[in-house]
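Heads up: the structure comes next, in structure tokens.
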Amino acid sequence: MDQAPGSPRGPEDTGPKDARSLPTCYRHPDRETGVRCTRCERPICPECMVDASVGFQCPDCVRSGSGTGHAPDASRPRTLAGGTLTADPRLVSKALIGVNLALFLAQQAVGDRFTDRFTLLGQAYVPLLGSVEGVAEGQWYRLLTSMFLHGSTLHVLFNMLSLWWIGGPLEAALGRARYLALYFLSGLAGSALSYLIAAPNQPSLGASGAIFGLFGATAVLMRRLNQDMRPVVVLLAINLVFTFSPGFNIAWQAHIGGLVAGVVIGYAMVHAPRERRTLVQYGTCALVLAAIIVLALLRTSQLT
């Protein structure tokens, strides 16, 4: 007899097992676990664990109330990092891809004048604009806007494929707010390092800094869940080879800045102690933002 979602079940395991293996999570059959929901006794993995007064509960029991005496939405299920589970766990990734593609179309429609106005530039005379432009001239918005511009169709397609492949699962694990903080701070860290190290007249653009931040956070998350890290490590290594290969004209500073920020923020997101989780997570984000501002102020003082 079929059973409706969220209804109590017995202690039977939902995934295949033998005498030598642990049961598998009822929502993620590929993950073994030794933890069970304190109400329905179904096995649950770390991503599905929801804090309860005693032990952990599964998302279905929390969502339905399961005899707690509270409304079903009184205690909403959480992601591994403490974010709220949502109906569409890839919504933010989809929105980011849409914004990047829309601005790339604007670049193609308006031309270089649009790109020159919003790309990352330390300080240089721009002939199309007829003036000295750059972050050092007070145009701090370039640190952000350059994250959504791309130099070619191949450039934007490669970054958007990476955003979809890496960003979607990461968004589901962190929750929307934490994922957005990771994305933007990684991108800004890449921009800040480029601004600090690169020549002031060297333009830089692309979402690669943010993408590398997602790579770094994904590696941290996979290690936290004891999953096979080889695919993401191999992909990251290939990207780093291209980053430092001559002839590709890649702003390696943005990649490294984003990667470092992604690892730091990702570690705080998935390893923060539950009792101080929000404080540790957003406190780390604040420290990374402060470091970005310091780098930008330092470079501005050098150029002015």
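Find out how many positive minus negative residues lie around GLN107, taking Lys and Arg as positive, Asp and Glu as negative, among other residues whose Cβ is under 14 Å from that of GLN107.
Local charge sum for GLN107: 0.
For a quick check: sort TYR179, TYR267 by the number of other beta carbons within 10 angstrom, fewest at the front.
Result, fewest neighbours first: TYR267, TYR179.
Provide the net charge surrounding TRP164, with neighbours chosen by a C-beta distance below 13 Å and charges set as Lys +1, Arg +1, Asp -1, Glu -1.
Local charge sum for TRP164: +1.
Cα-based Rg of region 149-304 per 2.2 N^0.38 Å, rounded to two decimals?
The reported ratio for this selection is 1.04.
Just to be sure I understand the rule: take each whole DSSP H helix in the chain, project its Cα atoms onto its long axis, keep it if the span is 15 Å or more and its mean Kyte-Doolittle hydropathy is at least 0.5. Which ones pass?
91-110, 176-197, 208-224, 230-244, 252-271, 277-303
Between ILE265, ILE292, ILE250, find the one with the highest GNM mean-square fluctuation for the chain; connect C-alpha pairs within less than 10 Å.
Per the Cα network of the chain with a 10 Å cutoff, ILE250 tops the list.
Give me the mean projected area, in nm² to one decimal, of the convex hull enclosing the Cα positions of region 116-161.
3.4 nm²
Compare the Cα positions of TYR179, ALA268, GLN302 along the charge dipole of the chain (+1 at Cβ of Lys, Arg; -1 at Cβ of Asp, Glu; about the Cα centre) and return the one farthest towards the positive end.
Among TYR179, ALA268, GLN302, the one farthest towards the positive end of the dipole of the chain is ALA268.
Explain nothing, just the number: dipole magnitude of the chain about its Cα centre with +1 on each Lys and Arg Cβ and -1 on each Asp and Glu Cβ, in debye rounded to the nearest 20.
Dipole of the chain, to the nearest 20 debye: 380 debye.
Calculated from the structure, Rg and Dmax of the Cα atoms in Å equals which of [x] 19.5, 70; [y] 22.5, 75; [z] 21.2, 65?
Read-out taken from this structure: [y].
Modelled label-to-label distance, THR278 and ALA102, 7 Å Cα→beta-carbon offset: nm?
In this crude label model, THR278 to ALA102 measures out at 3.0 nm.
Net charge near TYR267: determine it from the other residues with C-beta under 10 Å of the C-beta of TYR267, scoring Lys and Arg +1 and Asp and Glu -1.
+2
Relative contact order of region 91-303: what whole-number percent is it, with Cα pairs under 8 angstrom and at least 6 residues apart?
23 percent
Which residue, LEU221, LEU157, LEU182, has the most motion in a Gaussian network model of the chain that connects Cα atoms within less than 10 Å?
Highest fluctuation of the listed residues: LEU157.
None of the figures in this text is laboratory data; all of them are computed from the coordinates on show. No experiment lies behind these values; they were computed from the predicted model shown. Backbone-built Cβ (ideal geometry, glycine too); neighbour counts: all protein chains shown.
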